[in-house]
Amino acid sequence: MKAFTERYRRIPIALPMSPQYETLSANGKLVLMALIISPRQTQPGIFDGTARALEYETSLEPTRLEAALAELEKAGMIEAVPSGGWWVKLMYAWQV
């Protein structure tokens, strides 16, 4: 039971209702949700994985994944981490 609770992530209701989220493409929404609920996400909201791992989790082709990540970065919802992975900026605000 403990393993399940450690992997369980809540998605705040404010996210899917926000205008910022509604303007995203379907791929952008999928990638953002995958970054949030992934077991690779650390406590501060950093997806500690590679693009290849995210491709596997979302089943998106590399070009579509790159476009979705660029869309999310442009929207200010995520930021690439120099050591690898992405920081979901919104997660920190929800956890504080």
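Laboratory data are not the source of any read-out in this text; all were calculated from the coordinates shown. Every value quoted in this text rests on a predicted model; they were computed, and no experiment measured them. Note: ideal-geometry Cβ built from the backbone for every residue, glycine included; neighbour counts use all protein chains shown.
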(request) Compute the Cα gyration tensor for the stretch 16-64, then decide on rounded, prolate or oblate, letting a ≥ b ≥ c be the square roots of its eigenvalues: rounded whenever a/c is under 1.5, prolate when a/b is larger than b/c in the other cases, and oblate in all that remain. (result) oblate
(message) Need one word for the stretch 14-96: rounded, prolate or oblate. Basis is the Cα gyration tensor (sqrt eigenvalues a ≥ b ≥ c); a/c below 1.5 gives rounded, then a/b vs b/c decides.
(response) oblate
(message) Using amide H atoms built in the peptide plane, which far-off residues or other-chain residues are under 5 Å from Gln41 H to H?
(response) Asp48
(request) Can you tell me the relative contact order of the stretch 13-96? Whole percent, Cα pairs under 8 Å, sequence separation 6 or more. (result) 32
(request) Let me know the charge dipole size of the stretch 43-89 about its Cα centre in debye, to the nearest 20, where only the beta-carbon of Lys, Arg (+1) and Asp, Glu (-1) is charged. (result) 80
